[in-house]
Ligand SMILES: *Cc1c(COP(=O)(O)O)cnc(C)c1O
């Protein structure tokens, strides 16, 4: 059974010292254990919909997606059906689902596997056919509906900064779809630097996604990109080392997005307006399956 309430409260901002450098971490990962930090922000407007307004939520994306699991919890709370499309799963995962996929299936998610060849065409026709009592959520929750929850996140950050006497400072968050970074940039004043790094593709991929989301955005987050392009969620020895060192410093982050952002922050630290506030966007529930990928590839 899934509790049907959500106690939404401002998340804490904690000082965090890592490899001799001082940061703050906004603990969005601790708002509600069921929801991956920024997915809760991005789905915030859906939480407020009365249960009876929808029958079904439809979405698509990766088989271990944090957004997928968050929508699965939301749908279970609301009594909505959740239909999710993913590319054909590898046999071992289909036989023995783990991590986010396992939990989402337990929550009642209906999974459909599609042939990878024309995946996005099929998704597009599914989107076009969605009915009035159905809500179609783009991959990773990349939708203007995400703005409302991210604006709330921005206002919490500003309130904390005002209280602590910080005028010019940096806010950092890694980008998948870039939705969180873009709406943070939009909601925070220019004196605050919003930093991100693409974890999917390169700078161009990220710019294209941001333009798709908001073609007329007045300003864009600042992109740090010294590490270069790396296939999404593919293990890298340096990521594991950073993740372990962060954990050793007292906070567990996700293993897919966070290491790349922290690596960039360390490289750019001397040039950044301080303090640097890192938004912890959760995703820790995916670490079990990601660690499996590391050990499968013999990276330790
Ligand atoms: C989804 C996710 C992101 C990326 O958020 P976007 O808004 O898609 O850029 C970053 N970190 C974690 C842990 C996530 O789960």
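Bear in mind that the values in this text are calculations on the coordinates, not laboratory data. On a predicted model such as this, the values are computed, not experimentally measured, just so you know. For neighbour counting, all protein chains shown are included, and Cβ atoms are generated from backbone atoms with ideal geometry for every residue, glycine included.
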When the chain is treated as a GNM, springs tying every alpha-carbon pair under 10 Å, which of 224, 89, 246 comes out with the largest mean-square fluctuation? 89
Here P(r) for the chain, Cα-Cα distances in 10 Å bins, as whole percents, is 6, 28, 37, 23, 6, 0
Using helices alone, I'd like the mean residue ellipticity at 222 nm for the chain: each DSSP H run of four-plus residues gives -39500 (n - 2.57), total over residue count, nearest 500. -12000 deg cm²/dmol
Please build a GNM for the chain, connecting alpha carbons under 10 Å apart, and tell me which residue among 185, 103, 147 fluctuates the most. 103
Taking 255, 291 and counting other C-beta atoms within 10 Å, the order from fewest to most: 291, 255
Give me the distance in nm between label points sitting 7 Å out from Cα along the Cα-to-Cβ direction at residue 130 and residue 295, one decimal. 3.7
Using Cα atoms only, what is the angle between the long axis of helix 237-248 and the major principal axis of the chain, expressed in degrees (0 to 90) to the nearest 10? 70
Taking square-rooted eigenvalues a ≥ b ≥ c of the alpha carbon gyration tensor, is the stretch 220-269 rounded, prolate or oblate, where a/c under 1.5 means rounded and, failing that, a/b exceeding b/c means prolate? oblate
10 Å binning of all Cα-Cα separations within the stretch 99-225, expressed as whole percents from 0 upward: 11, 33, 32, 19, 6, 0
Taking the Kirkwood radius as the inverse of the mean 1/r across Cα pairs, report the Rg/Rh of the stretch 41-143. 0.95
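By counting other Cβ atoms within 10 Å of each Cβ, how are 216, 202 ranked from fewest to most?
So the residues, fewest neighbours to most, are 216, 202.
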Between the stretch 87-124 and the stretch 237-274, how many Å separate their Cα centres? 30
Least to most buried among 126, 157, by other C-beta atoms within 10 Å and fewest first, runs 126, 157
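Below 8 Å, C-alpha to C-alpha, sequence gap of six or more: please give me the relative contact order for the chain in percent.
Computed value for the chain: 22 percent relative contact order.
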Length-normalised contact order of the stretch 41-143, Cα under 8 Å, at least 6 apart, in percent, tallies to 38
